[in-house]
1. Residues being in contact (Cβ under 8 Å) with a residue 40 or more places away in the chain and within 21 Å of residue 59 (Cβ to Cβ): count how many of those fall in the stretch 92-125.
2. Tell me yes or no: at least one residue of the stretch 390-402 is in contact (Cβ under 8 Å) with a residue 40 or more places away in the chain and either in the same structural domain as residue 555 (by TED's automatic domain parsing) or not in a loop (DSSP other than H, G, I, E, B) (or both).
3. What residue, among those in the stretch 133-146 that are at pLDDT below 85 and more than 18 Å from residue 161 (Cβ to Cβ), is farthest from the chain's Cα centre (by Cα)?
4. Looking at the stretch 422-436, is at least one residue touching a strand residue (DSSP E or B) at 6+ places or on another chain (Cβ under 9 Å), at pLDDT below 90, in a loop (DSSP other than H, G, I, E, B) and buried (at least 20 other Cβ atoms within 10 Å of the Cβ)?
5. Looking at the stretch 475-485, is at least one residue within 23 Å of residue 566 (Cα to Cα) and outside any strand (DSSP E or B)?
6. Within the stretch 59-116, which residues are under 14 Å from residue 258 (Cβ atoms) and in contact with a strand residue (DSSP E or B) (Cβ under 7 Å, 6 or more places away or on another chain)?
7. What number goes with the only condition from (1) without any contact (Cβ under 8 Å) to a residue 60 or more places away in the chain; (2) within 60 Å of the chain's Cα centre (by Cα); (3) closer than 24 Å to residue 543 by Cα; (4) surrounded by 17 or more Cβ atoms within 10 Å (Cβ to Cβ) that residue 504 does not pass?
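The values are calculated or read from the model by the stated rules, or taken from the named source; none is laboratory data. Computed from a prediction, not measured in an experiment: that's the story for all the values here. Don't worry about glycine lacking a Cβ; one is built from the backbone with ideal geometry, like all the others, and counts go over all protein chains shown.
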């Protein structure tokens, strides 16, 4: 974003190098128009009031006062004898005593319709030491070779010598060395030096204002006993640019800059003011959204916090667009035309960038529904990863392989997403296969002991825990366990699962049975097969349950299930992290 702002700023500053005639057209509300052909209009650009004013200023600033006299309403004889002198004095008055906005001078051949007179236009005034200012009037006359053209009126020119003499009495150039009065790029050298000298002065004034504004905030933080998060330091740089540029404009207003250089200077400096303002606005938006996001996350509204990430980026894009429009307005572009063009262009872009807009609104809908949040671990199809960022176009995911997966928001909004972070417990659902030689009573013993173990384990939800004989497989007796482990942390779940599986393995061995081989291959072995002694003990235990009418099938009695709860010590006392280990 910073680089983009800098590039736009450099581009806008480059516009100040346009010729004065083009600048005039820019300031009047549009892009530079093509020069009219000699057969269709005046070659000097006097077809419109603005063309006459800017054409005169451009020619006079180059020092060609004889040619500048062609913009004055004087007779041919007087133009030859006094035209150059009159043009030079008019140029000085336009630079030093003119009051008015050149941006509002009409660029229409028939002048401004608000004036009510299509042959006369008042474009401003010269400051006079008398009772009233002298109006600057343009008149429309007929020229044999150019047709209808606009000229500085004889009425205005008649006042020029007197106003010039009064102005010269108070000119600072009369008291300066001749070397400092020489013109450089249309402006006296002493004014260039004055602009350079005022830069550090303006910077000091801006810094003083920035420091002064920080005092109430510091006192408020001390009064409320809150820590200084140094957020003001993030906006102090843009504020310094804003107030420093304003201070330099105020100081430069006392230097009496020539009219055209004044236009270039104030246009460029005002662009710096606008950049500082919108830079401050962008920084404050970032700080505010970060604090609101922190409050939302602290209050448990993690989805709202994630949505604010996207909202912050959209606001910054809007602020940047407003800054560009404001700068274009400073250069004189007609914003109505610009906005109309943006509207038409926006429709074309909308059709051409359907996928981009789909991704944008997809991201908004995903965040608004709080389907996922930054930091959640989710399953996307066959991939599992942690959400790292939700941007305008896509969502970035750090997978379990530590690769970065990017999914367009439009596809994400239509995808089945399994949020693993939000589970409150984890399913423990292994399938066991026992040897076919296992007797029914052995199986009853094993089912009862495993069921009891599930009820007793403190990390297993006993209400839904069960183990059932599921059926006969080709090479095994199939048992199915269904239970929930009371944890949402997968790493902890793996430790609990390991403990449960080891306990089940002990019970299987204790029953005298064993796990089946997952194979149909006929093989010969010298193993002992089923342990007859242990099988006899297991069968006796089942017979004892049957004699006492306590056979735990289809399940244990409710009072027994309540009594079992928590009888197993987990972790085991011998464990390295057991409660009794030291």
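1. Here the count works out to 15.
2. yes
3. Restricting to residues being at pLDDT below 85 and more than 18 Å from residue 161 (Cβ to Cβ), the top hit is 144.
4. Looking for residues that are touching a strand residue (DSSP E or B) at 6+ places or on another chain (Cβ under 9 Å), at pLDDT below 90, in a loop (DSSP other than H, G, I, E, B) and buried (at least 20 other Cβ atoms within 10 Å of the Cβ), one finds none in the stretch 422-436, hence no.
5. No, that holds for no residue.
6. 90, 93, 97, 98
7. Only one criterion is unmet by residue 504, namely (1).
Conditions (1) on the phi > 0 side of the Ramachandran plot; (2) in a helix (DSSP H, G or I); (3) modelled with pLDDT of 50 or more, marked per residue:
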| position | (1), (2), (3) |
| --- | --- |
| 29 | yes, no, no |
| 32 | no, no, no |
| 47 | no, no, yes |
| 51 | no, yes, yes |
| 88 | no, yes, yes |
| 111 | yes, no, yes |
